[in-house]
Structure formats: structure tokens, C-alpha cells
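Worksheet: the structure to be examined is printed underneath.
No lab work stands behind these numbers, since they all come straight from the coordinates. All figures in this text were calculated on a predicted structure; none of them were measured in a lab. Counting neighbours? That spans all protein chains shown, and the Cβs are built from the backbone with ideal geometry, glycine included.
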Amino acid sequence: MTRVKRGVTAHRRHQTMVKKAKGFRGQRSRLFTWAKNAMMKAGLHSYVDRKRKKRDFRRLWITRINIACRDLGVTYSRLIAAMTLKDIAVNRKMLADLAIKEPEVFKKIVEEAMK
């Protein structure tokens, strides 16, 4: 069986990884071993942060709803409990959007839930 020399294949693979690390600082953008480690770590962070993004946005929506509710004399938890009892199905993202862009509509939803 003939011997397979991997010079071209390995070089191409190394260059691909180094190109992906473009924009990193120092040797992380120039040397294959450092670039490989940097890309692995970057991939791990991006995976974790895709999950974290969902948590962060939910916290933001709840905070916005709570601020808007307190201006109307109701707390966030009482509003959500009242909406659940009245079967008003508006998710937190939409409620937060209404609280900022359409305060009159948000006020009507709060009044309907608190009846």
C-alpha cells in the first residue's frame, strides 16, 4: 500500500481554521494551535449564550411589564395571576412591547385583568 502524505490536506485544514479566527488578538489569529483553541472556546461561549439570551430577554420583558404595571398601581405578580384567572393569553414579549409602544392598549389589558 502506498504512503499518503497529508501536507496539502493538513495545510488547507489549518488555513481554514486560522481564517475563522480572523479578528482575534495576537497569536490566536495567526497560529493554528492557538486559533483552534480559540475557536473551540468561542463556539462553546456562543452555544451557552444562545441559551442565556432567552433568559436575559425574559428578565427584560418582566422588568418592563413590572415598571408599566406599577405606574397603574398593580404589581407584576398580581397582573399575571389575574390574567391567568381571566384566561387572557398575551405572552410577556407582547405585553412588554405594548407597555412601551402602546400604553393605552396595555392599560386596557390591565384594567380588564383586574376587574
Subject >> Among (1) 1.00; (2) 1.42; (3) 1.08, the entry that matches Rg/Rh (Cα atoms, Kirkwood Rh) as calculated here >> reply: (2)
Original post:
In whole Hz, what ³J(HN,Hα) sequence does the range 27-40 give by Karplus (6.51, -1.76, 1.60; θ = phi - 60°), x for Gly and Pro?
Top reply: 5, 4, 9, 10, 9, 4, 4, 5, 5, 4, 5, 5, 5, 4
Subject >> Hz values of 3J(HN,Hα) by residue in the range 14-22 - Karplus curve (6.51, -1.76, 1.60), Gly and Pro given as x >> reply: 5, 5, 4, 5, 5, 5, 5, 8, 4
**OP:** Give a residue-ordered list of calculated ³J(HN,Hα) values for the range 104-111 (Karplus: 6.51 cos²θ - 1.76 cosθ + 1.60, θ = phi - 60°; whole Hz; x for Gly, Pro).
**Re:** 5, 5, 4, 4, 5, 5, 5, 4
Original post:
How far is helix 92-101 tilted, in degrees, relative to the longest principal axis of the Cα atoms in the chain, given as a value from 0 to 90 rounded to the nearest 10?
Top reply: 70 degrees
**OP:** Note down the relative contact order for the chain as a percent, whole number, built from C-alpha pairs under 8 angstrom at least six residues apart.
**Re:** 17 percent
Subject >> Options L95, V18, M39, ranked by Cα towards positive dipole end of the range 8-114, top entry (Cβ charges) >> reply: V18
Original post:
Among V110, T2, G73, whose Cα lies farthest out toward the positive end of the dipole of the chain, if unit charges sit on the beta carbon of Lys, Arg (+1) and Asp, Glu (-1)?
Top reply: T2
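When the dipole is taken about the Cα centre of the range 8-114, and only Lys, Arg (+1) and Asp, Glu (-1) are charged at their Cβ, what size is it in debye, to the nearest 20?
Details: 27 positive and 9 negative charges, 264 e Å.
Once rounded to the nearest 20, the dipole reads 1260 debye.
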